[in-house]
Amino acid sequence: MMEEKFVKVPVFPLTKYMTTSERGQMPAPMKPVSFYFGQDYVQVDEVLDCERGVSRKVGGMGFRFVCSVSRFIDSRRISKQSVIWFDDFVQEWFVEVPESRVPVDWDTATQISNIDDSCS
């Protein structure tokens, strides 16, 4: 059986810098709040864990955020646990996605424009 190939998909989340009391034992100074994945708006409900790590599936290293996330599909709320990475060397956020699940409509320019629209 062949192992599925993973790809690094950049995301451009809105982030929030945390106060010292919010951070607790968390090593990262900020956390993701929300981002677009394809045309889906993904809300980060809670950061469950954050630690330094290495992405062995797609390469890269930095902060590994294990998050509880939600998105709405056909007016239904779908929640799941997800991992979001912040590579502090290249200052890039990304998710590891099986090649077969990369959004068909994926386009980096669209992702940036979605962020600009949500900030307006």
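Looking at the stretch 25-43, I want the residues that are under 15 Å from S68 (Cα atoms) and touching a residue at least 40 places away in the same chain (Cβ under 8 Å) and have a partner that is part of a strand (DSSP E or B) and hydroxyl-bearing (S, T, Y) with Cβ atoms under 6 Å, at least 6 apart or on another chain. Which pairs are those?
So the pair list comes out as P32/T15.
With V7, V47 as the choices, which residue is assigned to a strand (DSSP E or B), surrounded by 17 or more Cβ atoms within 10 Å (Cβ to Cβ) and among the aliphatic types (A, V, I, L, M)?
Values: V7 fails: surrounded by 17 or more Cβ atoms within 10 Å (Cβ to Cβ).
One residue alone meets the criteria, V47.
Going through the stretch 67-78 one residue at a time, which ones are assigned to a strand (DSSP E or B), exposed (fewer than 15 other Cβ atoms within 10 Å of the Cβ) and not hydroxyl-bearing (S, T, Y)?
F72, I73, R76, R77, I78
Which of the residues belonging to the stretch 86-104 are assigned to a loop (DSSP other than H, G, I, E, B) and touching a strand residue (DSSP E or B) at 6+ places or on another chain (Cβ under 8 Å)?
The answer is D88, F89, V102, P103.
With the condition kept exactly as written, say whether any residue in the stretch 10-33 is hydroxyl-bearing (S, T, Y), part of a loop (DSSP other than H, G, I, E, B), more than 10 Å from the chain's Cα centre (by Cα) and surrounded by 12 or more Cβ atoms within 10 Å (Cβ to Cβ).
No: zero hits.
Select from the stretch 50-66 the residues that are outside any strand (DSSP E or B) and aliphatic (A, V, I, L, M) and list them in ascending order. Full working, then the answer.
The initial filter retains those residues of the stretch 50-66 that are outside any strand (DSSP E or B), namely 55-60.
If the condition is that a residue be outside any strand (DSSP E or B) and aliphatic (A, V, I, L, M), then V58 is the only one that fits.
Taking only pairs six or more apart or across chains, which ones have beta-carbon atoms under 9 Å, a first residue in the stretch 73-92 that is farther than 9 Å from G62 by Cβ, and a second residue that is part of a strand (DSSP E or B) and among the hydroxyl-bearing types (S, T, Y)?
Listed by first residue and then by second, the contacts come to R77/S70; I78/S70; S79/S68; S79/S70; K80/S68; K80/S70; Q81/S68; S82/S68.
No lab work stands behind these numbers, since they all come straight from the coordinates. A quick note: this is a predicted structure, and the numbers were derived from the prediction, not measured. Heads up, the Cβs are rebuilt from the backbone with ideal geometry, glycines too, and the neighbour counts pull from every protein chain shown.
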